[in-house]
Amino acid sequence: MGQDTIYLVTTTGDTADVEALQAVAQANFPEKQTRLVVFESNADKVENLKTKTANTVDAIDFLAISGLDYPDPNVLGKAFVAYFKNVDTPLILLNSSRFNNAVAARIAAGLTASIVTDIEQPTIDGTNLIVSKKGYSGELKRQVQLDMNGGIVLTVNPLKDPVKLPTDKDTVVQNIASEVVVTLPEDATYTLTTNDQDLNLDNAEVVVAGGRGLKSEAGFKELYQLGKIMNAAVGASRPVVDSGWADSSLMIGQSGKSISPKVYFAFGISGTVQHTIGIENAKCIVAINSDKDAPIFKLADYGIIGDAKAVIQQLVTSKVSN
Amino acid sequence: MNIVVYIKAVVDPDKAKNDLDLAKGTKEDKLALIINPYDKQAIEAALQLKEKYTGKVTAVSLGSDLATDKILRDALSLGVDEGIQISNDDFESLSSYSPALGTVLAKAPVDDVDYYITGREAGDDNQSITGASIAAALDVDFVDNVDEVEYNDDETLTLTSRWDKSELKGTYKQKPLVLSIKDTANTPRLPSFKAKMQAKKATLKHFKVSDLPDIDVARIKAIADRATTINLAKPEVASKETVLFNLNDDENAVSELVADLKKHSIL
Ligand SMILES: Cc1cc2nc3c(=O)[nH]c(=O)nc-3n(C[C@H](O)[C@H](O)[C@H](O)COP(=O)(O)OP(=O)(O)OC[C@H]3O[C@@H](n4cnc5c(N)ncnc54)[C@H](O)[C@@H]3O)c2cc1C
């Protein structure tokens with residue numbers, strides 16, 4: 001077992017991303033050395049990360065991939081596999097996200113390591129690591145036992161409570177030039193689809209989302225007016241997207257986004273697990289539904305039994321502001 | 001063009017949550033088994049490729065005979081040309097927590113494959129690793145989270161992958177290629193009654209894991225044994241007090257809600 005060290009892999013140099021990973025490592029593996037492995041092509045971000053993480057990890061390896069200036073999952077996967085090839089049975093953590101899960105899957109496959117995505121509560125039990133993971137989109141919870149005599153790749157959900165990070169480590173920083181050959185399609189383009197400057201589902205404190213209960217495209221579109229007044233981002237359930245009333249980037253849930261706003265309004269959304277798994281981290285849930293038995297009320301902090309359209313209209317005319 | 005689509009039988013989530021033996025696989029009920037919902041878009045993508053360029057679609061499914069028989073016939077009824085069952089009798093389990101899964105699936109006996117296709121994830125374990133695992137075993141390129149496919153005249157594909165916050169688009173010329181398809185990529189077709197009847201009578205090919213070419217069963221078993229599910233249960237849900245207003249008998253319900261939210265600094 002080469003697991004005195006835990007490897008924290010990040011595909012962005014964002015400090016928030018790194019801190020979330022460090023917190024998981026500190027809370028669950030306080031006795032292990034932490035080694036941060038970073039892919040980040042932006043020099044400013046690299047410097048910033050060096051300053052911010054100084055003395056909080058044992059080592060940082062900055063992986064430079066010449067010819068790659070955006071995170072292509074295939075190239076990143078190969079570069080990380082090459083990096084870990086000589087590490088005996090590594091224990092590797094990434095923050096869970098669609099993109100990171102895809103990179104993690106490639107790393108595990110390349111290293112013949114076990115992999116569990118979107119886990120919580122990793123605990124060591126002898127030579128095994130036991131992790132919790134949702135099954136059936138959250139209907140059930142599963143515990144998976146992983147033998148630490150082999151490599152392990154995990155993507156981890158963020159901790160709910162903050163953890164104090166160590167501040168007394170001698171951080172050794174290395175720059176490593178990856179030898180991986182960058183092969184991308186000639187016409188490859190990479191686009192960021194969310195712009196941090198604009199209000200969106202990832203950064204909005206208030207989200208107003210609509211479901212099939214809004215009945216029509218016109219009914220759904222009234223949410224935009226409400227969103228403007230409340231300074232809220234607009235979200236949707238799957239049938240809304242499938243019916244073409246909204247773009248798929250607005251979808252919340254298992255097949256869409258996971259969001260963590262301060263308050264989430266669900267207008268005419270029934271509350272199946274495939275949807276509610278995306279709003280687990282919302283601090284407050286407000287449900288508006290004409291059916292008093294709709295499952296969404298079980299999760300809601302506040303609710304109005306009634307017609308969603310009427311409620312939207314009243315909120316708009318009363319100019320409720322945030 | 002030869003296309004392989006991998007499909008998985010899963011227990012219907014509504015049945016799984018009410019009968020843990022079904023979810024654990026200690027009990028099997030044909031009626032509770034469905035095709036993994038995410039695989040429907042994978043099948044549709046495979047059929048569209050075949051229709052665009054002509055070719056053959058083979059569906060491959062690993063699992064118990066009962067399970068794979070059912071869903072492979074579903075796939076045939078949609079227009080898939082051939083079904084291959086791979087039974088995992090040699091193993092207690094072959095889970096998606098282990099890289100052994102891709103090693104086995106990659107050995108499916110189909111010649112000269114151009115595209116290997118999977119769904120984005122399986123609805124029972126929500127892992128989203130199968131495509132990567134197959135691609136690594138085959139040592140070929142992998143494009144995942146594919147949300148849009150453009151079929152070019154020179155038989156190349158222009159693919160758009162969509163992630164949480166970014167999008168990648170490019171034209172892939174290399175073959176074979178492994179694709180995993182998002183469930184928003186297309187609208188799956190429905191089978192006709194006649195096709196369903198024909199699929200019932202079709203003959204499936206059947207292999208045991210140990211029958212597959214160049215397979216090292218002992219090694220696969222050793223790798224697979226490193227990851228096991230030790231518990232599957234209903235999650236504890238904290239019961240919540242919901243502050244409820246009723247618009248049907250209280251015309252001020254909306255303003256009362258807003259006042260309450262403001263009072264608690266939620267708005
Ligand atoms: C593999 C898979 C993945 C999925 N992924 C997602 C996902 O990511 N996101 C997602 O959202 N879904 C997802 N789904 C679909 C999910 O299971 C539900 O079908 C969907 O969330 C239901 O959307 P809805 O609540 O808008 O519609 P419905 O379930 O039809 O609910 C409509 C609600 O509106 C209420 N209503 C009707 N009229 C009114 C009115 N006048 N005023 C107020 N309320 C009214 C009804 O009482 C009902 O509760 C997925 C499904 C599968 C199989």
Item checked: All aspartates and glutamates inside 19 Å of B:K27 as judged from Cα atoms, apart from same-chain residues fewer than 8 positions distant -> A:E139, B:D12, B:D14, B:D19, B:D65, B:D69, B:D89, B:D90, B:E92, B:D124, B:D125
Check: Are there trypsin sites (Lys or Arg not before Pro) in the range B:1-79 that DSSP puts in a loop and that have at most 15 other Cβ atoms within 10 Å, and which ones?
Finding: B:K27
Check: Considering chain A as a Gaussian network with a 10 Å cut-off on Cα pairs, which listed residue, A:V46, A:V153, A:V38, attains the greatest mean-square fluctuation?
Finding: A:V46
Next item on the list: Pop a pseudo-label 7 angstrom from the Cα along the beta-carbon direction at both B:E256 and A:Y190 and give the gap in nm to one decimal.
Entry: 5.4 nm
Item checked: Solvent-accessible surface ranking, highest first, for A:V9, A:V316 at 1.4 angstrom -> A:V316, A:V9
Next item on the list: Starting at the first residue of the range A:72-79, write each ³J(HN,Hα) from the Karplus equation 6.51 cos²θ - 1.76 cosθ + 1.60 with θ = phi - 60°, in whole Hz, x for Gly and Pro.
Entry: 7, x, 5, 5, 4, x, 5, 5
Item checked: DSSP-defined beta bridges in chain A - what % are antiparallel, rounded to 5 -> 20 percent
Notebook entry, point to check: Spin-label point model (7 Å from Cα, Cβ direction): what's the A:Q197 to B:D21 distance in nm?
Noted result: 6.2 nm
Next item on the list: Counting only DSSP beta bridges with both residues in the protein assembly as shown, tell me the antiparallel percent, nearest 5.
Entry: 30 percent
Check: Quick one: net charge of B:K200's neighbours, Cβ under 15 Å, K/R +1, D/E -1?
Finding: +4
Margin query: Just checking the output field for B:10-17: average partner chain Cβ neighbours within 10 Å of each residue's Cβ?
Written below: 3
Note to self: How much length would be gained if the chain were fully extended between A:N175 and A:D14, taking 0.36 nm per residue of separation minus their Cα-Cα distance, in nm to one decimal?
What the structure shows: 56.2 nm
Note to self: Once each part is reduced to its C-alpha centroid, what is the distance from the range B:189-210 to the range A:117-188 in angstrom?
What the structure shows: 40 Å
Notebook entry, point to check: Which whole-number percentage describes the relative contact order of chain A, with Cα contacts under 8 Å and a sequence gap of 6 or more?
Noted result: 15 percent
Notebook entry, point to check: Taking a probe of 1.4 Å, how large is the accessible area per residue of the range A:158-231, in Å²?
Noted result: 67 Å²
Notebook entry, point to check: Tell me: how much accessible area in total is hidden between B and A, 1.4 Å probe, Å², nearest 100?
Noted result: 6600 Å²
Next item on the list: Counting other Cβ atoms within 10 Å, keep those with at most 13, restrict to DSSP loop, and tell me which GluC sites (Glu not before Pro) in the range A:1-93 are left.
Entry: A:E31
Checklist line | Charge context of B:V146, other residues only, Cβ under 10 angstrom, K/R +1, D/E -1 | finding: 0
Check: So if we plug the beta-carbon distance of B:V110 and A:V182 into 1/(1 + (r/R0)^6) with R0 = 25 Å, what FRET efficiency do we get, rounded to 0.05?
Finding: 0.20
Check: What's the Cα-based Rg to Rh of the protein assembly as shown, Rh via Kirkwood?
Finding: 0.97
Margin query: Translational diffusion coefficient of the range A:2-177 at 4 °C, 1.567 mPa s, Stokes-Einstein with Kirkwood Rh over Cα pairs, in µm²/s as a whole number.
Written below: 80 µm²/s
Next item on the list: State the Kirkwood hydrodynamic radius of chain A in Å, one decimal place, computed from all pairs of distinct Cα atoms.
Entry: 21.5 Å
Notebook entry, point to check: Taking the mean number of other Cβ atoms within 10 Å as a proxy for protection, how do you rank B:232-245, B:181-194, A:280-293 from highest to lowest?
Noted result: A:280-293, B:181-194, B:232-245
Margin query: If I stretch the segment between B:Y53 and B:S192 completely, what's the gain in nm (0.36 nm per residue apart, minus their alpha carbon distance), one decimal?
Written below: 47.7 nm
Next item on the list: Once you have a ≥ b ≥ c as the square roots of the Cα gyration tensor eigenvalues for chain B, tell me rounded if a/c is under 1.5, and otherwise prolate or oblate according to whether a/b is larger than b/c.
Entry: prolate
Checklist line | Cα centre as origin, Lys/Arg/Asp/Glu Cβ charges: chain A dipole, Debye | finding: 960 debye
Item checked: A:T183 - accessible surface, heavy atoms, 1.4 Å probe, Å² rounded to 10 -> 90 Å²
Notebook entry, point to check: What order, most packed first, do the peptides B:160-168, B:108-116, A:120-128 have when packing is the mean number of other Cβ atoms within 10 Å of each residue?
Noted result: B:160-168, B:108-116, A:120-128
Next item on the list: Quick one: work out the % antiparallel among DSSP beta bridges in the range A:2-177, nearest 5.
Entry: 30 percent
Next item on the list: Can you bin the range A:206-321 into rounded, prolate or oblate? Criterion: square roots of the alpha carbon gyration tensor eigenvalues sorted a ≥ b ≥ c, rounded for a/c under 1.5, prolate for a/b above b/c, oblate for the rest.
Entry: rounded
Next item on the list: Divide by every residue of chain B the summed helix terms, -39500 (n - 2.57) for each DSSP H run of at least 4, and state the resulting mean residue ellipticity at 222 nm, rounded to the nearest 500 deg cm²/dmol.
Entry: -8500 deg cm²/dmol
Next item on the list: For peptide A:25-33, compute the average count of partner chain beta-carbon atoms within 10 Å of each residue's beta-carbon.
Entry: 0
Notebook entry, point to check: When Cβ neighbours within 10 Å are restricted to other protein chains, what is their mean count per residue of peptide A:308-320?
Noted result: 3
Notebook entry, point to check: A:K160 to A:V87: FRET efficiency via 1/(1 + (r/R0)^6), r the Cβ-Cβ distance, R0 41 Å, to the nearest 0.05?
Noted result: 0.85
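The values are calculated or read from the model by the stated rules, or taken from the named source; none is laboratory data. All figures in this text were calculated on a predicted structure; none of them were measured in a lab. Every residue, glycine among them, receives a Cβ derived from its backbone with ideal geometry; neighbour counts consider all protein chains shown. Keep in mind that these areas ignore ligands, DNA and RNA; they rest on the heavy atoms of the full protein, side chains included. Shrake-Rupley method; radii C 1.70, N 1.55, O 1.52, S 1.80 Å.
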